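This report concerns only the one structure given below.
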Amino acid sequence: QVQLVESGGGLVQPGGSLRLSCAASGILFSNYAMGWFRQAPGKQRELVAVITRGGDTNYGESTKGRFTISRDNAKRTVYLQMNGLKPEDTAVYYCNAARIGNTYWGQGTQVTVSS
């Protein structure tokens, strides 16, 4: 059974930081590209960041320069370091594992940026 379990969300003030984690089980983690997506109320799910099997990264335009994605294959965990948070970053953040023929999602973790 595949599980992606996100943690680290919460309430933070504008300009603050959070670090999200996603622990994977039930998959050969190193074979998967890992990503973070987010969905705000009334909006479509959008890409936040992805990291390939080889460690190459790509970011959504709204998060580039503020967020950093990383992975630890030994711990089967992907991280998202979020700095300089803005109210428009408020959303449910979802972890994603993908390879050809398979994609899996976590249950999501809420991030709220508000003073």
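Within the chain, the longest segment free of exposed loop sites, counting trypsin sites (Lys or Arg not before Pro) that fall outside DSSP classes H, G, I, E and B and have at most 15 other Cβ atoms within 10 Å, spans 1-42. So in the chain, what percent of DSSP beta bridges are antiparallel if you round to the nearest 5? For the chain, the DSSP antiparallel bridge percentage is about 95. In a reduced charge model with +1 at each Lys and Arg Cβ and -1 at each Asp and Glu Cβ, the chain shows a dipole moment near 160 debye about its Cα centre. With springs only between Cα atoms under 10 Å, which of Gln81, Gln44, Gln13 fluctuates most in a Gaussian network model of the chain? Highest fluctuation of the listed residues: Gln44.
Grab the other residues whose beta carbon is less than 13 angstrom from that of Ala40, score K and R as +1, D and E as -1, and report the net.
+1
Read-outs: derived from the displayed coordinates by stated rules, not from any lab. Since the structure is predicted, the reported quantities are computational estimates derived from the model, not experimental observations. For neighbour counting, all protein chains shown are included, and Cβ atoms are generated from backbone atoms with ideal geometry for every residue, glycine included.
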